[in-house]
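First the structure, in the form of structure tokens, and then the observations on it.
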Amino acid sequence: MATYNIKVNGKMHKVEADADTPILWVLRDHLNLVGTKYGCGIAQCGACTIHVNGDAARSCSIPISSIAEKEITTIEGLSDIVRHPIQDAWREHDVPQCGYCQAGQMMSASSLIKQHPNPTDDQIDTAMRGNICRCATYKRIKSAIKTATK
Amino acid sequence: MNSSNKHTIKRRSFLKKSILSGGGLILGFNFYNCEADVEIAKKAIPSLEIPEKWNELNAFLKIGNNGVVTIMSPNPEIGQNIKTSMPMIVAEELEVDWKNVLVEQASLNTDWYKRQVAGGSQSIRQGWESLRKVGATAKQMLVQTAANRWSLSLNECKAQNGIVSNIMNEETLTYAELAEEASKLEAPKEVKLKDPADFKIIGQAKKNVDIEPLLSGKPLFGIDTKKEGMVYAVISRPPGFGMKLSSLDDSEAKKVNGVIDIFKFEDSQSDLRGIMNEKVAVIANSTWSAMKARKALKLSWVKSDAVENTSDHDAGLNKLLQERQKEPRRNDGDIDKAFAEADIVLEKIYEAPFLPHNCLEPMNFYADITGDKAEVLGPVQTPQWARIRLAKLLDRPETDITVGMTRMGGGFGRRLFGDFVIEAAQLSQKVNKPVQLIFSREDDMVSGTYRPASKYRIKAGVKNGEVTAYHLTEACVNGNMYDNITNFFPAGAIPNMRIDTNSLESNISTGAWRAPYTNFLAFAEQSFFDELAKEMGKDEIDLRLELFEKAKSNADAGYEYDPEKSIAVTKLALEKAKWGKARAGISQGFCMYYSHNTHVAEIADVAIEDGQAVVKKITCAIHCGIVVNPLGAINQVEGGIIDGIGHAMYGDLSFEDGKPSANNFHQYRLIRMGEQPEIEVHFVPSKEDPTGLGEPSLPPAGGAIANAIFKATGKRLYKQPFVKEDALLG
Ligand code: FES
Ligand code: FES
């Protein structure tokens with residue numbers, strides 16, 4: 001066990017954890033930020049996507065020991081008032097079915113549109129391929145990303 | 001009669017006994033005033049002021065002193081959007097503005113709610129009339145209260161937008177002003193329901209009631225449960241069916257930080273999975289500690305004689321495909337005579353593998369079986385089933401056991417079987433602490449209740465240009481299609497028809513998977529009819545239309561689908577897909593299928609790109625009666641289609657020595673972004689009561705793409721997953 005000071009959604013947190021604890025479980029179990037979801041634990045489904053220094057990353061595969069000074073953003077911190085253009089577009093298109101994958105989808109999508117303010121279909125497909133939606137809301141996800149970048 | 005807005009879970013025990021005639025619904029008081037719900041609601045709809053005081057009109061609704069209305073959603077929400085659409089039905093008849101409605105998830109209460117199940121696409125269909133009566137009854141109690149005050153008769157008052165007005169003058173009273181007094185009235189026995197032409201909420205696009213908490217990552221799902229004193233549990237189960245634990249060394253695992261306990265335990269009820277498995281539980285103070293310790297366990301498992309292989313299943317199913325039952329499931333006319341006299345006989349075999357459900361939220365459940373408590377909470381499609389099993393396990397009456405429902409990260413049939421509820425309760429009882437049990441993805445994929453592997457042999461006979469005989473033989477692992485499927489198309493359309501279903505018993509646990517049986521049968525049957533049309537030198541659409549007409553003229557032949565609706569969706573799909581006028585490079589395939597009381601036709605547009613068949617578009621026409629919420633409905637239909645394509649194309653699971661071939665998404669391919677086609681959904685306008693919607697768009701997808709792929713490549717597909725077939729490689 002070691003003590004880590006990590007910055008999540010702009011706030012510093014002190015966490016006692018084993019060095020190999022994935023950030024996913026630090027967020028969910030230690031910090032009670034359960035918006036970030038567990039789906040596979042091996043970086044194959046995208047349910048656990050967060051931003052590390054602004055870029056999408058799979059929190060299930062990042063041990064707390066590797067975070068150091070990096071800034072973490074979760075769905076809870078994507079926008080204080082749930083008004084990020086991606087959230088607005090998701091609301092407009094009423095994207096979710098079960099909704100379980102959607103935090104990860106929005107974190108991947110918000111990172112994508114930061115890199116590519118006008119993403120092509122191929123860029124969307126590539127950036128979003130790592131995020132499984134078992135309910136298959138892919139069509140609405142794609143439309144929402146396009147709305148967000150209009 | 002009012003419950004105050006206490007910040008504790010408080011259950012009203014007072015039951016208002018009033019049985020509605022017809023609907024069979026008991027209205028009672030049962031509100032939970034739960035802090036979490038109110039907090040979420042406030043954030044969700046900031047403009048909505050949470051009232052100081054609620055008045056409960058019946059088990060489904062309460063009206064605040066400021067006019068805000070809370071409607072309970074009785075059934076489990078798995079993504080089928082009934083948490084939005086069921087309350088819409090109540091609100092419609094209640095005559096309130098949807099903007100003023102909050103929705104709460106009900107807990108299991110079999111006295112107050114009927115059929116709290118998510119399965120078979122039946123929530124809306126079976127709840128339709130009773131939900132309308134719930135709203136109408138409460139409305140009438142409010143109107144009656146106003147009428148009493150004004151000394152008028154009911155007909156002299158009118159309710160609209162949460163206001164009752166005196167039609168003789170301009171006088172009005174709001175529901176908020178009437179609710180307390182209204183709640184003291186006896187519920188009327190007879191109520192008048194609205195004319196669908198006057199619907200103001202039903203038929204309108206309404207957003208998911210949980211959209212705000214979903215967008216901001218609020219706790220909604222079972223896996224998000226956090227309670228005082230709760231510990232986390234993971235379980236090591238046999239890695240294969242028919243394997244047994246032979247030794248356990250937990251010395252390393254016990255050293256992992258945060259571990260509380262490690263112990264062996266057994267399945268409680270042998271009928272849960274047919275066998276009593278010995279398992280190892282790890283209890284820890286965080287999910288990661290539990291998972292890490294579980295990895296550090298040294299377990300050896302040995303094979304029993306009972307381990308099975310896919311090759312054995314294959315051989316067994318092939319044999320069964322040739323067998324006839326003593327009592328066939330359906331036997332019209334005399335197929336043997338008809339085959340003997342036929343000019344053309346076509347026979348084909350179709351095959352499908354096991355499929356895991358892969359709900360994105362893995363199985364999990366919370367249980368607090370400590371002291372006098374027996375509370376469980378989490379994602380299960382069959383809360384009542386769970387309670388019955390828990391009562392047996394704990395040897396306590398069902399009335400002692402509380403089953404709460406959370407939003408579910410998918411169901412697809414996996415959560416019909418609540419093995420995880422029982423396990424969570426066993427562990428909580430053992431460690432005498434509240435326990436949150438979580439399956440890792442590997443646990444989830446390896447201890448499934450899989451769609452069974454199955455094969456169909458379909459044989460048809462043609463005489464003088466007419467289909468005279470049809471013989472369907474099913475061979476299925478732990479199978480036997482349920483009864484009404486034998487009454488689906490082509491029943492009634494072909495004079496000599498026989499259905500045999502043969503089951504191959506297996507220790508691999510199988511169960512319902514979204515659109516059970518038909519998820520694969522639709523592809524088999526509908527590609528067969530395409531091939532048959534070709535053999536007959538007939539247009540594939542003409543053949544189907546002729547058969548629908550035949551069924552129409554044979555109305556007493558005993559079938560369940562409606563030939564008129566089958567024709568209606570077929571024609572609408574043809575028109576919308578511009579059938580026969582396809583653009584260059586596009587091949588179109590057709591499929592029509594009826595399931596869950598809903599008729600669906602789908603047309604796939606397929607192109608060859610880089611030597612591969614690519615599904616570019618699906619045009620879907622669907623007859624599901626009144627569409628309660630088009631926004632949610634289209635999402636369901638699109639999701640079903642993409643799910644159908646994904647599993648027909650890629651879904652595959654086999655077994656070797658009882659072990660599944662995949663345990664996580666690196667080995668199991670699900671459809672992903674970029675692989676979905678363009679989709680157009682067209683509803684046949686209807687004033688009829690709503691029918692199923694969560695499943696029926698899935699079965700036709702495989703058939704439509706297979707038929708289009710044949711046209712594009714000249715190759716017929718007989719086996720799922722299609723990616724394993726050469727046709728896709730050009
Ligand atoms: S849980 Fe991290 S990618 Fe699946
Ligand atoms: S909405 Fe259910 S997994 Fe995406």
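The values are calculated or read from the model by the stated rules, or taken from the named source; none is laboratory data. Computed from a predicted structure; not experimentally measured. Note: ideal-geometry Cβ built from the backbone for every residue, glycine included; neighbour counts use all protein chains shown.
Condition test on B:Ile603, is it farther than 22 Å from A:Asp94 by Cα, assigned by TED's automatic domain parsing to the domain that holds B:Arg544 and more than 18 Å from the chain's Cα centre (by Cα)?
Criteria met by B:Ile603.
Return the residues of region B:652-683 that are of a type outside the set (Asp, Glu), more than 16 Å from ligand 2 (Cβ to nearest atom), touching a strand residue (DSSP E or B) at 6+ places or on another chain (Cβ under 8 Å) and assigned to a loop (DSSP other than H, G, I, E, B); say none if nothing qualifies.
B:Ser654, B:Gly658, B:Ser661, B:Ala662, B:Pro677
Would you confirm whether or not region B:717-730 contains a residue that is acidic (Asp, Glu) and touching a residue at least 12 places away in the same chain (Cβ under 8 Å)? Don't jump to the end; show me each part of the working.
Quick first cut of region B:717-730, residues acidic (Asp, Glu) only: B:725-726.
Remaining after also requiring touching a residue at least 12 places away in the same chain (Cβ under 8 Å): none.
Scanning region B:717-730, I find no residue that is acidic (Asp, Glu) and touching a residue at least 12 places away in the same chain (Cβ under 8 Å), so the answer is no.
Taking region A:39-53 as the region of interest, how many residues are away from ligand 2 (no atom under 13 Å from the Cβ) and within 7 Å of chain B (Cβ to nearest Cβ)?
The total comes to 3.
For every residue, the table says whether it meets (1) crowded, with 24+ Cβ neighbours inside 10 Å; (2) touching a helix residue (DSSP H, G or I) at 6+ places or on another chain (Cβ under 7 Å); (3) not assigned by TED's automatic domain parsing to the domain that holds B:Glu695.
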site	(1), (2), (3)
B:Lys373	no, no, yes
B:Pro383	yes, no, yes
B:Pro397	no, yes, yes
B:Asp400	no, no, yes
B:Gly411	yes, no, yes
B:Ala460	yes, yes, no
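When you check B:Leu248 against the structure, is it closer than 30 Å to B:Leu427 by Cα and either within 11 Å of chain A (Cβ to nearest Cβ) or more than 27 Å from the chain's Cα centre (by Cα) (or both), yes or no?
yes
Which one of these does B:Glu695 not meet: (1) under 23 Å from the mean Cα position of the chain (by Cα); (2) more than 17 Å from B:Trp513 (Cβ to Cβ); (3) more than 12 Å from chain A (Cβ to nearest Cβ); (4) acidic (Asp, Glu)?
(2)
Can you tell me how many residues within region B:255-301 are exposed (fewer than 15 other Cβ atoms within 10 Å of the Cβ) and either part of a strand (DSSP E or B) or modelled with pLDDT of 95 or more (or both)?
Here the count works out to 7.
Just to verify a result, which residue in region A:92-126, among those that are of a type in the set (Ser, Thr, Tyr), surrounded by 21 or more Cβ atoms within 10 Å (Cβ to Cβ) and more than 7 Å from chain B (Cβ to nearest Cβ), is farthest from B:Met408 (Cα to Cα)?
Of everything passing the filter in region A:92-126, A:Ser111 is farthest from B:Met408 (Cα to Cα).
So which residues in region A:6-30 are more than 16 Å from ligand 1 (Cβ to nearest atom) and assigned to a strand (DSSP E or B)? Even if it seems obvious, please write down each step before you answer.
Kept after step one, since they are more than 16 Å from ligand 1 (Cβ to nearest atom), are these residues of region A:6-30: A:6-19, A:30.
Correct list: A:Ile6, A:Lys7, A:Val8, A:Lys11, A:Met12, A:His13, A:Lys14, A:Val15, A:Glu16, A:Ala17.
Which of the residues belonging to region B:161-184 are surrounded by fewer than 16 Cβ atoms within 10 Å (Cβ to Cβ) and aliphatic (A, V, I, L, M)?
Correct list: B:Ile167, B:Met168.
For region B:408-491, which strands (runs of 3 or more DSSP E) that fit wholly inside it have 2 or more residues that are more than 14 Å from every other protein chain (Cβ to nearest Cβ) and either more than 16 Å from ligand 1 (Cβ to nearest atom) or touching a Pro at 6+ places or on another chain (Cβ under 8 Å) (or both)?
Strands (runs of 3 or more DSSP E) meeting the threshold: B:454-463, B:466-477.
Out of the residues in region B:351-373 that are in contact with a strand residue (DSSP E or B) (Cβ under 7 Å, 6 or more places away or on another chain) and among the hydrophobic types (A, V, I, L, M, F, W, C), state the one that is farthest from ligand 1 (Cβ to nearest atom).
From region B:351-373, those in contact with a strand residue (DSSP E or B) (Cβ under 7 Å, 6 or more places away or on another chain) are B:351-356, B:361-362, B:364-368; that's our starting set.
Then keep just the ones that are among the hydrophobic types (A, V, I, L, M, F, W, C); that gives B:352, B:354-355, B:365, B:367.
Values: B:Ala352: 27, B:Phe354: 23, B:Leu355: 20, B:Phe365: 19, B:Ala367: 24 Å.
Checked region B:351-373; the qualifying residue farthest from ligand 1 (Cβ to nearest atom) is B:Ala352.
Looking at region A:127-141, which of its residues are more than 13 Å from ligand 2 (Cβ to nearest atom) and either in a helix (DSSP H, G or I) or at the interface with chain B (Cβ under 7 Å from one of its Cβ atoms) (or both)?
A:Ala127, A:Arg129
I'd like the residue in region B:302-315 that is more than 17 Å from B:Ser509 (Cβ to Cβ) and not in a helix (DSSP H, G or I) and, out of all such residues, is modelled with the lowest pLDDT.
Here the residue is B:Asp305.
Do the conditions hold for B:Val628, that is, is it of a type in the set (Val, Ile, Thr), more than 10 Å from chain A (Cβ to nearest Cβ) and touching a Pro at 6+ places or on another chain (Cβ under 7 Å)?
yes
Answer yes or no as to whether A:Cys101 is within 16 Å of ligand 2 (Cβ to nearest atom), modelled with pLDDT of 95 or more, touching a Cys at 6+ places or on another chain (Cβ under 8 Å) and more than 19 Å from B:Pro219 (Cα to Cα).
For A:Cys101, the condition - within 16 Å of ligand 2 (Cβ to nearest atom), modelled with pLDDT of 95 or more, touching a Cys at 6+ places or on another chain (Cβ under 8 Å) and more than 19 Å from B:Pro219 (Cα to Cα) - is not met.
Condition check: outside any helix (DSSP H, G or I) and among the hydrophobic types (A, V, I, L, M, F, W, C). Does B:Leu393 satisfy that? Talk me through it step by step, then tell me what you get.
On the way: outside any helix (DSSP H, G or I): no; among the hydrophobic types (A, V, I, L, M, F, W, C): yes.
Here the answer is no, as B:Leu393 does not meet what is asked.
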